[in-house]
Amino acid sequence: MIRFVLTLILISTFTISFAQQKKEEKKDGWENQGKFTLLFNQSAFSNWVAGGDNTLAGNVNFNHTFNYKKDKFIWNNRVIASYGLTKSKNTDFPKKTNDGINCNSMFGYDAENYWFYSLLINFKTQFTKGYKYKKDANGKEYRESYTNFMSPGYLLIGPGMLWEKNKNLKLNLAPATSKFVFVDEKYTKPNRGYFGVEEGENLRYEIGFSASFYHKFKLMTNVTMENILAFYSNYIDKPQNIDMNYTVNIDMNINKHLSADFIFQSIYDDNAYSGFQIREVFGIGLNYNFKY
């Protein structure tokens, strides 16, 4: 059902706005721009009969693109870093709402009709430890470390073909993509199959087919929607189990420095979890935009 809903979302967004996208003539040289955002969420209760927990949450997001063009050669780069915490009055530990580093680099050489010969390099990991939370016999909460920086860490490298109509509409196909999964070997003992890495090892190698889509468009005045979708199929092991990572960012600008942001992310990776991982974030944000 979730896959069906996501498919409908993708078809509708791509169909509605495809006509809005125009060919973009890029100038030679560097183009740099970025955005820094602080998102806040807070709830408080006093003698509230219906019940509720006092909570405070904050998210920090950094998004920076730096692209280069020279004649028929392009080099597109994007760094997305985010971190968030929430603390409830009735929990013993602050808990993460967001934690990720995503670095994407794409080399391209102009072929024709919006197509480029391409080389994709993508790296992903997290900043700090992730925990599994449990309760002891007395009902007291405790936690066990489960993930950390570079555990897991993902590196994808793959040649392919890039279709880029403009900076807001892109498709990349890479049929021979190498995928490296890095972990701290201590987490694999005795947890066999930790993110697909065997017990006592710290690296898993895969080769397969990757496809990535990027689409950003204006929903209405001062409201933009960004779709980021990636697929990966491992030729070596269970190629029918296709990894998927889909992110929707909706940016609702109130003024130059204030916005409301909605983030939805769905991940399917059976080496990490046998089902869909879902994340949603909504909040009021303070923004700082830069371009040079």
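The values are calculated or read from the model by the stated rules, or taken from the named source; none is laboratory data. Here the structure is a predicted model, which means the values were calculated and not measured. Heads up, the Cβs are rebuilt from the backbone with ideal geometry, glycines too, and the neighbour counts pull from every protein chain shown. Heavy atoms of the whole protein, side chains included, go into the accessibility calculation; ligands, DNA and RNA do not. Shrake-Rupley method; radii C 1.70, N 1.55, O 1.52, S 1.80 Å.
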**Fill in**
Amide H proximity to A176 below 5 Å, modelled H, separation 5+ or other chain, gives S210
**Request:** Count charges around D53 for me, please; just the other residues with Cβ under 12 Å from its Cβ, Lys/Arg as +1, Asp/Glu as -1.
**Result:** +2
**Asked** How big is the accessible area of I121 in square angstrom, nearest 10, if you roll a 1.4 angstrom probe over the protein chains?
**Response** 60
**Item:** Heavy-atom surface of region 165-211, accessible at 1.4 Å and reported per residue (Å²)
**Value:** 47
**Accessible area in the full protein assembly, largest first, 1.4 Å probe, for M106, M150** = M150, M106
**Message:** List the pairs from K89/K132; K95/K189; K179/K216; K35/K238; K26/K179 whose alpha-carbon separation is above 29 Å, in the order I gave them.
**Reply:** K35/K238; K26/K179
**Prompt:** Taking 0.36 nm per intervening residue step and subtracting the Cα-Cα distance, what contour gain separates K189 from T221 on full extension?
**Reply:** 6.2 nm
**Request:** Return the loop-located chymotrypsin sites (Phe, Trp or Tyr not before Pro) in region 196-251 (DSSP other than H, G, I, E, B) with at most 14 other Cβ atoms within 10 Å of their own Cβ; answer none if there are none.
**Result:** Y235
**Message:** I need the phi-derived Karplus couplings for region 144-155: 6.51 cos²θ - 1.76 cosθ + 1.60, θ = phi - 60°, integer Hz, Gly and Pro marked x.
**Reply:** 10, 5, 10, 9, 7, 4, 6, 8, x, x, 10, 10
**Asked** Calculated from DSSP H runs of 4 or more alone, at -39500 (n - 2.57) each and per residue, what is the 222 nm mean residue ellipticity of the chain, nearest 500?
**Response** -2000 deg cm²/dmol
**Complete:** Excluding ligands, DNA and RNA, the carbon-plus-sulfur percentage of the accessible area of the chain with a 1.4 Å probe reads 60
**Fill in**
At R0 = 41 Å the Cβ-Cβ FRET efficiency linking K95 and K26, nearest 0.05, sits at 0.45
**Prompt:** What does the charge count near N98 come to, summing +1 for each Lys or Arg and -1 for each Asp or Glu among other residues with Cβ under 15 Å from its Cβ?
**Reply:** +3
**Complete:** Taking the square root of 5λ for each eigenvalue of the C-alpha gyration tensor of the chain, the equivalent ellipsoid has semi-axes, largest first and in whole angstrom, of 34, 27, 17
